[in-house]
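Working notes, beginning with the structure itself.
The values are calculated or read from the model by the stated rules, or taken from the named source; none is laboratory data. Since this is a predicted model, take the numbers as computed values, not measurements. Don't worry about glycine lacking a Cβ; one is built from the backbone with ideal geometry, like all the others, and counts go over all protein chains shown. Each accessible area value is taken on the protein alone, full model and side chains, heavy atoms only, with ligands, DNA and RNA left out. Shrake-Rupley method; radii C 1.70, N 1.55, O 1.52, S 1.80 Å.
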Amino acid sequence: MSKVTKGFFWSAVDYVSVQTIQFLISIIIARLVTPSAYGVIVMVQVFVSFAQLFIDGGLKNALIQKKDRTEIDFYTMFIFNLGVALFFYAVLFITAPYIADFYNQPVLADLTRVIGLSMVLSSLSITQLARLQILLDFKTQAKARVFSVIISGIVGIGCACHGMEVWALVIQGVVGAFVTSVLLMYYSRWIPRWRFSYRSFKHLAKFGSKLLFGNILTMFYIQITNLIIGKVYTPAQLAYYNRGFTLSQLPSAAIVGVISQTVFPIYCELQSDKGNLWVAYNKYMRLSCLIIFPILSIVGVFAFPLTIVLLTERWAGMAEYLSVFCLVFSFYPIFTNGGQIVMAVGRAGLLAKAVVVKRIIAFSLLVVTLPVGVKAVAWGLVLSNFLEMIISMYCVRKALGYSFRSQLFVVSDIALLSIASICIAWASTLFLDNPFLIILSGSMVCVTLFISGMYLLKFKEREFVNQIIHKVLNK
């Protein structure tokens, strides 16, 4: 088995197992705590998420992209991550009472100070993860993350069963960050040294700062939305919006995460060979969409029965957001893969400029939709992500010379087949009343039609499906 194949396998094990376990645990905890408890956590995460951006500083991707990296680069990055994390924790600790006053939620003062600990603990893992990703050693990452999710999940469920509500979520997060950092250091056997090189930092920061700027704009847009919804509306409404966003993001984040963290180092190796770079881009883009499009179609169309079955009636208000956000994240693999291929050829500056344009559009839509209501904000995000996809395609054309038509042609057949399959599946459930039967019947019809369509239309990826079926039947 080649190094890349092993990387794919363990990356898949890492993301799929972790995301599956996290999903199951979140479902259990969501049935034990109120939507308002989740809303309160999101209020704090607005500030923590900004701090985490500066802690990474864009240095992780800069280190992966750099070809002539040395051990001093890793040491420098580790010290930077930890130092910035401690600084922001001190800021959060001091400003915690003011955050509580802003939201008029007294409990946020203590919550902010405890949640901030996870930020410091997570900073210990950033360099470890970058190093393992460069080595395509996803097996070590998988082991650490799986054990961490299981341990923190058990602790969180235990706390929720004892009626700790919002504190169950807080403790789960801190325990998860601690266990992940400890296990990564134990498994990787890499111990950082207290050696900092200004020259190394300057080189990494030159590339990383361009990524950081774009990430700040993106995070600001996401978190300012959460902040305003949390301030103007109720914690429950914020929870419906945020959980709908998070759950709809899972399929795209998991699949794109599996592929992107494996192929980004490959893209970087091919940065001077645009022909093979385009071949690789086509392959991994289609593979992403082949899995993501049908899954999001099923979740989006059957969002209401899914919500009732998994989270009970009290989360019914989330269903509409879940459905809308599935449409939002259908664009995700396209602009994510596009961004990675542009970044791999060293055009981080182009990406930074593109992000500015994207955020101007997104903020404009946010200003227009926020006074209308939370649902209007969600639909505004659909338009925003569609335009973001167009801008990302422009960046690919600018950096690599690939036309809009050729980029759209890569996944157009997969998109059309997904739409046709889910429409027929939805029609087949119109006479069913039981939510469980609707989900089961609709999913089976959609998947059957999609796979049949792959063979009838002779998708080249059908060989990939044949290999999976062959391996399953032989076991």
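Structural remarks
- Solvent accessible area, Å² - Cys423, 1.4 Å probe, full protein context: 70 Å²
- Cα shape, the stretch 383-442, gyration tensor, a/c 1.5 rule: prolate
- Charge dipole (the chain, unit charges on Cβ, about Cα centre) - positive-most of Ala420, Tyr198, Asn337: Tyr198
- Here the 3J(HN,Hα) profile of the stretch 123-139, calculated from phi with Karplus coefficients 6.51, -1.76 and 1.60 at θ = phi - 60°, is 5, 6, 9, 4, 5, 4, 5, 4, 4, 5, 5, 4, 7, 6, 9, 8, 5 Hz, Gly and Pro shown as x.
- Of the whole protein surface, Lys202 contributes about 130 Å² of accessible area at a 1.4 Å probe radius.
- Proximal aspartates and glutamates relative to Lys60, as straight alpha-carbon distance under 18 Å, when same-chain residues fewer than 8 apart are discounted: Asp68, Glu71, Asp73, Asp137, Glu269
- For the set Leu250, Leu86, Leu117, the ranking by accessible area, highest first and with no ligand, DNA or RNA atoms included, is Leu86, Leu117, Leu250 under a 1.4 Å probe.
- Relative contact order, percent, the stretch 74-116 [alpha-carbon distance under 8 Å, six or more residues apart]: 35 percent
- Viscosity 0.890 mPa s, 25 °C: Kirkwood-radius Stokes-Einstein D of the stretch 52-159 over Cα pairs, µm²/s: 155 µm²/s
- Relative contact order %, the chain, counting alpha carbon pairs below 8 Å whose residues are six or more apart: 18 percent
- Computed on the stretch 214-370, with alpha-carbon pairs under 8 angstrom and 6+ residues apart, the relative contact order is 36 percent.
- Accessible area of Tyr455 in the full protein assembly, 1.4 Å probe (Å², nearest 10): 80 Å²
- Kirkwood hydrodynamic radius over Cα pairs of the stretch 196-297, then Stokes diffusion coefficient at 25 °C and 0.890 mPa s, in µm²/s: 144 µm²/s
- Dipole size of the stretch 286-364 about its Cα centre, with +1 on Lys/Arg Cβ and -1 on Asp/Glu Cβ: approximately 440 debye, rounded to the nearest 20.
- Violating pairs (Cα-Cα greater than 28 angstrom) within the set Lys143/Lys231; Lys143/Lys358; Lys139/Lys458; Lys202/Lys283; Lys139/Lys283; Lys143/Lys206: Lys143/Lys231; Lys143/Lys358; Lys139/Lys458; Lys202/Lys283; Lys143/Lys206
- Ranking Glu313, Glu388, Glu165 by solvent-accessible area of protein heavy atoms (1.4 Å probe, all protein chains present), from largest to smallest, gives Glu313, Glu165, Glu388.
- Backbone geometry of the stretch 434-449 corresponds, through the Karplus equation with coefficients 6.51, -1.76 and 1.60 at θ = phi - 60°, to 3J(HN,Hα) couplings of 6, x, 5, 5, 4, 5, 5, 5, x, 5, 5, 5, 4, 5, 4, 5 Hz, x marking Gly and Pro.
- Overall form of the chain per C-alpha gyration tensor (a/c, 1.5; a/b vs b/c): rounded
- The apolar share of the surface of the chain, taken as the fraction of accessible area on carbon and sulfur atoms (1.4 Å probe, ligands and nucleic acids excluded), comes to 69 percent.
- A 1.4 Å probe run over the chain, with the rest of the protein chains in place, finds 45 Å² accessible per residue.
- Heavy-atom SASA rank of Ile361, Ile419 (probe 1.4 Å, accessible area, largest first): Ile419, Ile361
- Computed label-point distance, nm, for sites Glu463 and Arg193 using a 7 Å Cα→Cβ extension: 4.8 nm
- Whole-Å distance, taken between Cα centres, linking the stretch 319-369 and the stretch 288-302: 19 Å
- Alpha-carbon centroid distance for the pair the stretch 406-449 / the stretch 136-162, whole angstrom: 33 Å
- Förster-model FRET efficiency, 22 Å R0, Phe50 and Ile94, C-beta, rounded to 0.05: 0.90
- Sequentially through the stretch 151-160, phi angles give Karplus couplings (6.51, -1.76, 1.60; θ = phi - 60°) of 5, 5, x, 4, 5, x, 5, x, 5, 5 Hz, Gly and Pro residues having no value and appearing as x.
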